[in-house]
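Following: one structure in C-alpha cells, then a few remarks.
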Amino acid sequence: MKSKKKLFAGTALLIVFIVWTILVQFIDVQAVGVNGTKIGFASINTWFHKLTGVHLSVYTVTDWLGLVPICICVFFGIVGLRQFIKCKSIFKVDADIILLGIYYVIVIFAYLVFEMIPINYRPILIDGFMEASYPSSTTLLVLSVMPSFKFQITRRSRKAVLRNAVDVFATAFSTFMIIGRLLSGVHWCTDIIGSVLLSTGLFMLYQFSVEFAEQRKSERNAEV
C-alpha cells in the first residue's frame, strides 16, 4: 500500500513539474533576463533576484560542493561493480543497486535534455557566457542523490549511529545547497522550484521501484 502511494505521489510530482515547466514559458513572460532574454514569472523572479542580489562566492562554494553527490554516485557504482565481479552476473547484483544506477542515468538524462533545450537562462553571465538555468542542475543533482544516499545507508547499515549521522548530514547538506543556490543569485527562484519538483518525483519513483522489486522477489521465493 505504501509503495502505491509513492508511485502515485511520484507520478503526480512529475506531472506538476511538467505543468510548472509549461507555465514558466507562458505566465508573465518578460524580456528581463541577461541580454534581453525572456523569463516567465518575471515579476516574482526579478523581485526575488533583487532581494537576494548576486553572491559569486556562495555560487563557487556550492558549485564545488556539487562534487559531493558525484562522489556518492561513484561510490555506489563501485559497490555495484564489486558485486558484478564477485557474482559474474548482472542478474546477481542487488536489485536496489541496479535500480539506483538506472535512477542516476535518468537524472543525468534529464539534465542533458534541459542543457540542450534551454527553458530560460541564468540571471547573470557566467565567465562571459549565457548558461541554461532551468531547472537548477546542482539542485537537481543534490536532491536526487542525497535522499538516495540516506535511503541506501538506512537499508544496508545495522549501526544506528551511522544511519543517524548520514540522515543529519544528507538533510543539512541538501538544505544548505538549496539555500545557497537561492542566495547566490545565479538562478531564478522558479529554477529551484522546478528542480525540487523533478528530483522529489524521481526519487519517490525510485523508492517505489525498489519496494516493488523486493515484493516480487518475496512472492517468487514463496512459490518455490
Q: Inspect all residues belonging to segment 130-146 and state whether any of them is closer than 24 Å to L198 by Cβ, free of Cβ contacts under 8 Å to residues at least 40 places away in the same chain and in contact with a strand residue (DSSP E or B) (Cβ under 8 Å, 6 or more places away or on another chain).
A: yes
Q | Residue among F26, F75, F17, F8 that is in a loop (DSSP other than H, G, I, E, B) and either surrounded by fewer than 15 Cβ atoms within 10 Å (Cβ to Cβ) or at pLDDT 95 or above (or both) | A | F26
**Q.** Flag for L183 being out of contact with any Gly (no Cβ under 7 Å at 6 or more places or on another chain), open to solvent by 10 Å² or more (accessible area, probe 1.4 Å) and in a helix (DSSP H, G or I)
**A.** yes
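Would you confirm whether any residue within segment 108-121 is in contact with a Pro (Cβ under 7 Å, 6 or more places away or on another chain) and at pLDDT 95 or above? Reasoning before the result, please.
Of all residues in segment 108-121, those in contact with a Pro (Cβ under 7 Å, 6 or more places away or on another chain) come to 114.
With at pLDDT 95 or above added as a condition, the list becomes none.
Within segment 108-121 (the criterion being in contact with a Pro (Cβ under 7 Å, 6 or more places away or on another chain) and at pLDDT 95 or above), the answer is no, since none of the residues qualifies.
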Q) Looking at segment 50-63, which of its residues are assigned to a helix (DSSP H, G or I), closer than 14 Å to P123 by Cβ and out of contact with any helix residue (DSSP H, G or I) (no Cβ under 8 Å at 6 or more places or on another chain)? A) K50, L51
Q.
Could you check segment 111-147 and list, in sequence order, the residues that are part of a helix (DSSP H, G or I), open to solvent by 20 Å² or more (accessible area, probe 1.4 Å) and over 26 Å from W47 (Cβ atoms)?
A. Y111, L112, V113, E115, M116, L141, P147
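Condition check: without any contact (Cβ under 8 Å) to a residue 12 or more places away in the chain, open to solvent by 70 Å² or more (accessible area, probe 1.4 Å) and within 20 Å of L7 (Cα to Cα). Does R155 satisfy that?
Values: without any contact (Cβ under 8 Å) to a residue 12 or more places away in the chain: no; open to solvent by 70 Å² or more (accessible area, probe 1.4 Å): yes; within 20 Å of L7 (Cα to Cα): yes.
Considered against the rule, which asks whether it is without any contact (Cβ under 8 Å) to a residue 12 or more places away in the chain, open to solvent by 70 Å² or more (accessible area, probe 1.4 Å) and within 20 Å of L7 (Cα to Cα), R155 comes out as no.
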Q) If you go through segment 186-201 one residue at a time, do you hit one that is out of contact with any helix residue (DSSP H, G or I) (no Cβ under 6 Å at 6 or more places or on another chain) and aromatic (F, W, Y)? A) no
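The values are calculated or read from the model by the stated rules, or taken from the named source; none is laboratory data. Since the structure is predicted, the reported quantities are computational estimates derived from the model, not experimental observations. Counting neighbours? That spans all protein chains shown, and the Cβs are built from the backbone with ideal geometry, glycine included. With ligands, DNA and RNA removed, areas are computed over all heavy atoms of the protein, side chains included. Shrake-Rupley method; radii C 1.70, N 1.55, O 1.52, S 1.80 Å.
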